[in-house]
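The values are calculated or read from the model by the stated rules, or taken from the named source; none is laboratory data. Values in this document were obtained by computation on a predicted structure and should not be read as measured data. We place every Cβ from the backbone using ideal geometry, glycine too, and count neighbours over all the protein chains shown. Keep in mind that these areas ignore ligands, DNA and RNA; they rest on the heavy atoms of the full protein, side chains included. Shrake-Rupley method; radii C 1.70, N 1.55, O 1.52, S 1.80 Å.
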Amino acid sequence: MNKSEAIGALAKALSQVQAQLEPANKDAKNPFFKSNYASIQSIWDSCRKPLAENNLSVTQLTQVVESGVIIETVLMHESGEWVSGELFLPLTKNDAQGVGSALTYGRRYALAAIVGVVADEDDDGQFA
């Protein structure tokens, strides 16, 4: 994790966001696993308004590297305070479709993680 020198105002605002958050809806289907999951749209719908009401914003920067993609998610407060984290995802398919799939998957999980959106059931690491 990287962060600005101080994060007090950001931490206070994020705690207010988390008090307002509703779980993301599992609005998408995974035919391979025959399960439902929360799409990136559903996760954004869960957190967009509480973030804006508490003067927070999120940006996700992407970089394609030889063996995968890197997604840097940055949570910013109007004060200039920020925290960020990077997520590396290997490519299962080394083409445009594989890159797009990895980016969407990673952005979804990184956004939920940095804001605290609950979307998936806790499997206690069974599928890891």
> How far is helix 40-53 tilted off the main Cα axis of the chain, in degrees rounded to 10, range 0 to 90?
Replying inline: 0 degrees
>> Just to be sure I follow the definition: excluding the sites themselves, where is the longest run in the chain that has none of the GluC sites (Glu not before Pro) in a DSSP loop with at most 12 other Cβ atoms within 10 Å?
In response: 6-65
> To the nearest 10 degrees, how steeply does helix 8-20 sit against the main Cα axis of the chain, on a 0 to 90 scale?
Replying inline: 60 degrees
>> Please list, in order, the residues from region 66-83 whose amide nitrogen is less than 12 Å from a point placed 7 Å along the Cα→Cβ vector of SER4.
In response: 75-83
> What is the spread of the Cα atoms of the chain along each of their three principal axes, largest first, in whole Å?
Replying inline: 41, 32, 25
>> For the chain, what is the number of Lys pairs with C-alpha distance below 28 angstrom, counting only pairs 8 or more positions apart or on separate chains?
In response: 9
>> Per residue, how much accessible surface does region 7-85 expose to a 1.4 Å probe? Answer in Å², no decimals.
In response: 58 Å²
>> Can you show me the helix-derived [θ] at 222 nm for the chain, built from DSSP H runs with n ≥ 4 at -39,500 (n - 2.57) apiece and divided by the number of residues, rounded to the nearest 500.
In response: -12000 deg cm²/dmol
> Hey, what angle do you get for helix 96-115 against the long axis of the chain, alpha-carbon based, 0 to 90 degrees rounded to 10?
Replying inline: 30 degrees
